[in-house]
1. Enter the angle in degrees (range 0 to 90, nearest 10) between the Cα long axis of helix 130-143 and the first principal axis of the Cα atoms of the chain, meaning the one along which they spread out most.
2. Taking the highest mean first, how do the peptides 67-78, 26-37 order by number of other beta carbon atoms within 10 angstrom per residue?
3. When every alpha-carbon pair in the chain is counted, what percent end up more than 24 Å apart?
4. Over the range 18-68, with a single point scatterer placed on each C-alpha, what log10 of the ratio I(q)/I(0) does the Debye formula yield at q = 0.25, 0.27, 0.30 1/Å?
5. Can you compute the modelled spin-label distance between residue 64 and residue 110, with each label point 7 Å from Cα toward Cβ, in nm?
6. At what distance in nm do the modelled label points of residue 22 and residue 143 sit from each other, each positioned 7 Å from its Cα along Cα→Cβ?
7. Would you compute, from DSSP H runs of 4+ residues alone, the mean residue ellipticity of the chain at 222 nm, taking -39500 (n - 2.57) per run and dividing by the full residue count, rounded to the nearest 500?
8. Starting from the Cα of residue 56, step 7 Å toward the Cβ, then list every residue of the range 10-44 with an amide N under 16 Å from that point.
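Computed from the coordinates by the stated procedures, all read-outs in this text should not be read as laboratory data. It should be emphasised that the depicted structure is a prediction, and the values quoted were computed from it without experimental measurement. No Cβ is skipped: glycine too gets one built from the backbone with ideal geometry, and neighbour counts run over all protein chains shown.
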């Protein structure tokens, strides 16, 4: 008789959570202190723990990495790949807009430094993990706009509108 757990036979993608933290049109990025992608810029987050929901995971990860308690809003998911000990495996990454207000950031050692990058200067190719790069492209497409172009277009509106 097979004593192996039936659900253990599934080798499904791992789930992860990532924070998009914005302040004054700048995105918070962290420099990785560990492999994979050691020394590369990354977005805060990590893998969901057993029996956690994504909302619980993102709050835990942000507190562990930054020592702040975020207010969260789900944005979207992106598929991608995780890397560990030379192995590559599929992940489903849940992205959250995380508001931290004026709380003081305190890194836990997992990352060596943090930086606020202006959205217009964000280069997705410098971000670790493929799903985080995809999200960086999405941020640029949905959060960056040309205010001078908008001002020019507004001039063409009917003044009675």
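1. Orientation of helix 130-143: about 20 degrees from the principal axis.
2. Values: 67-78: 15.6, 26-37: 17.2.
Going from most to least packed, we get 26-37, 67-78.
3. Numbers: 5223 of 12880 pairs.
Percent of Cα pairs beyond 24 Å in the chain: 41.
4. Each listed q maps to, in turn, -1.02, -1.09, -1.16.
5. According to this spin-label approximation, the distance is 0.5 nm.
6. For the pair residue 22/residue 143, the computed spacing is 0.5 nm.
7. Values: 3 runs with 36 residues, N = 161.
Result for the chain: -7000 deg cm²/dmol, rounded to the nearest 500.
8. Counting backbone N atoms under 16 Å from the label point, the list is 15-17.
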